[in-house]
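The values are calculated or read from the model by the stated rules, or taken from the named source; none is laboratory data. Since this is a predicted model, take the numbers as computed values, not measurements. Here the Cβ positions follow ideal geometry from the backbone for every residue, glycine too, while neighbour counts run over all protein chains shown.
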């Protein structure tokens, strides 16, 4: 009788509250990588992404130098990025740096270039002209392609200005990229449409989605977006890699707390755990302390009691 009552009660509860009974690991994928955004105030967060069982195989940090926290992890491949075009027309710092990494034994198979060159610096873009970027590419990136390193096209924003900028860049450069990165912030339908447009414009290039999230949206919508996009990326053969924008605490997010892979206390959210190939955690991403009411405590005790009865 006690068991049957518990089962009847379970049927009345919201599905999200039953993870202690049905939690399963998320489908794994070798395509997933990390956008590493270190936080000096909470350095303990840095080790979360390579903890035992993590699904991640590669990372980038918007720079040339590998992050020291992952220096002794050869299975976690570093992808350098030429963030913007140097001001000097003779600067070869990036080229020299990558060649130094290679000669020192670092496995550099890919590099990224120019973070949102059509975007404003106030929102993370680099605001450089296609012509300046082309000159820098010829000087610093073409020699790397000659060494066998695969180079990503400039990672433009997801708007119409991105297509225009990229078209002008390839016309000025007369060069070839090995793959094309995509940045997207918005819903899944928009993301899928944008990927289709990029594929139509550059049918011979594989695609990396190097920044994506459904920003400033309700948690259920954000989680639905994550699930739909991960499934889509893993099914499409011309999408080679992807990296979700959310490797920070929800209290520190500039794109809404629900995007975050860590809650305000540094614990994995559902999205964070799923991204690493784990099960849901039911840790809610918030940007401030959540009020604890008598009712919420009662529900928590009720669910725990039911799980105990069933197990």
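Here residue 85 clears all of (1) in contact (Cβ under 8 Å) with a residue 40 or more places away in the chain; (2) in contact with a helix residue (DSSP H, G or I) (Cβ under 9 Å, 6 or more places away or on another chain); (3) loosely packed, with under 14 Cβ neighbours inside 10 Å except the condition numbered (3). Is it the case that residue 217 is outside any helix (DSSP H, G or I), farther than 24 Å from residue 78 by Cβ and modelled with pLDDT of 95 or more? Against the criterion (outside any helix (DSSP H, G or I), farther than 24 Å from residue 78 by Cβ and modelled with pLDDT of 95 or more), residue 217 qualifies.
Residues in region 120-135: is at least one within 19 Å of the chain's Cα centre (by Cα), in a helix (DSSP H, G or I) and at pLDDT below 95? Checking region 120-135: at least one residue is within 19 Å of the chain's Cα centre (by Cα), in a helix (DSSP H, G or I) and at pLDDT below 95. Considering only residues in region 256-266 that are within 19 Å of the chain's Cα centre (by Cα) and either in contact (Cβ under 8 Å) with a residue 60 or more places away in the chain or surrounded by fewer than 17 Cβ atoms within 10 Å (Cβ to Cβ) (or both), the one that is farthest from residue 228 (Cα to Cα) turns out to be 266. Note on region 59-100: residues that are touching a strand residue (DSSP E or B) at 6+ places or on another chain (Cβ under 8 Å) and at negative phi amount to 20. Mind listing just one residue for me: the one in region 36-58 that is out of contact with any strand residue (DSSP E or B) (no Cβ under 9 Å at 6 or more places or on another chain) and part of a helix (DSSP H, G or I) and, of those, surrounded by the most Cβ atoms within 10 Å (Cβ to Cβ)? Out of the qualifying residues, it is 46. Are there any pairs, at least 6 apart or on different chains, whose C-beta atoms fall under 9 Å, with the first in region 171-195 and under 13 Å from residue 233 (Cα atoms) and the second modelled with pLDDT under 95 and buried (at least 20 other Cβ atoms within 10 Å of the Cβ), and if so, which? Matching pairs, first to second residue: none at all. Output the number of the condition that residue 227 fails; it satisfies all remaining conditions of (1) in a helix (DSSP H, G or I); (2) surrounded by fewer than 13 Cβ atoms within 10 Å (Cβ to Cβ); (3) at pLDDT 95 or above. Checking residue 227 against (1) in a helix (DSSP H, G or I); (2) surrounded by fewer than 13 Cβ atoms within 10 Å (Cβ to Cβ); (3) at pLDDT 95 or above, the one that fails is (2). Restricting attention to region 267-283, report how many residues are assigned to a loop (DSSP other than H, G, I, E, B) and either within 18 Å of residue 216 (Cβ to Cβ) or over 17 Å from the mean Cα position of the chain (by Cα) (or both). The number of residues fulfilling the criteria is 7. Quick check on my filter: what residues within region 203-215 are in contact (Cβ under 8 Å) with a residue 40 or more places away in the chain and within 18 Å of residue 162 (Cβ to Cβ)? Correct list: 205, 208, 210, 211, 213, 215. Residues in region 243-254 that are buried (at least 18 other Cβ atoms within 10 Å of the Cβ) and closer than 16 Å to residue 186 by Cα: 5 in all. Looking at this structure, is residue 218 under 14 Å from residue 259 (Cβ atoms), more than 14 Å from the chain's Cα centre (by Cα) and either touching a residue at least 40 places away in the same chain (Cβ under 8 Å) or surrounded by fewer than 20 Cβ atoms within 10 Å (Cβ to Cβ) (or both)? So residue 218 fits the description; yes.
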